[in-house]
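Here's the structure we're looking at; comments come further down.
Quick note: the coordinates plus some simple rules give every number you see, no bench work behind them. Bear in mind that the values here come from a model prediction, so they are computed numbers and not experimental data. Backbone-built Cβ (ideal geometry, glycine too); neighbour counts: all protein chains shown.
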Amino acid sequence: PDSEGAIDGHLREVGLTFHLLKDVPGIVSKNIDKALVEAFQPLNISDYNSIFWIAHPGGPAILDQVEQKLGLKPEKMKATREVLSEYGNMSSACVLFILDEMRR
């Protein structure tokens, strides 16, 4: 909700470019709890620290907001933060790198 135009991507000659509004971390923070409740309630999961996390690392501010809003322990986003630190935001490919990091 209220996120139209928050992330805008374009395929250009130089590659894939993105523009993010400054409030993307706030938008994610405002909406993540409701979205996760809808996703996990049918599975009887309410303790987000009881599961492992593979999260697209949009940036440190987004990860900080998600951790804070959900009360996640820092180790839950460790693999995500390591991939972001080492490779940057690689768009969708990040998830595969994070899966590989978790595997190790």
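Numbers for the structure displayed
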item: Segment 23-103: projected area of the alpha-carbon convex hull, averaged over directions, in nm²; result: 5.3 nm²
item: Fluctuation leader among 38, 13, 86 - the chain, Gaussian network, Cα springs under 10 angstrom; result: 13
item: Distance between modelled label sites at residue 8 and residue 75, nm, 7 Å Cα→Cβ extension; result: 4.3 nm
item: 5 angstrom amide H check on residue 23, placed H, neighbours 5+ away; result: none
item: Of 15, 88, 59, the one that fluctuates the most in a GNM where the chain has Cα springs shorter than 10 Å; result: 15
item: Spin-label model distance (nm) - residue 103 vs residue 41, 7 Å beyond Cα toward Cβ; result: 3.6 nm
item: Distance-filtered residues of segment 70-97 - backbone nitrogen under 11 Å, label point 7 angstrom along residue 18 Cα→Cβ; result: 88-95
item: Charge dipole magnitude, Cβ of K and R +1, D and E -1 - the chain, Cα centre, debye nearest 20; result: 200 debye
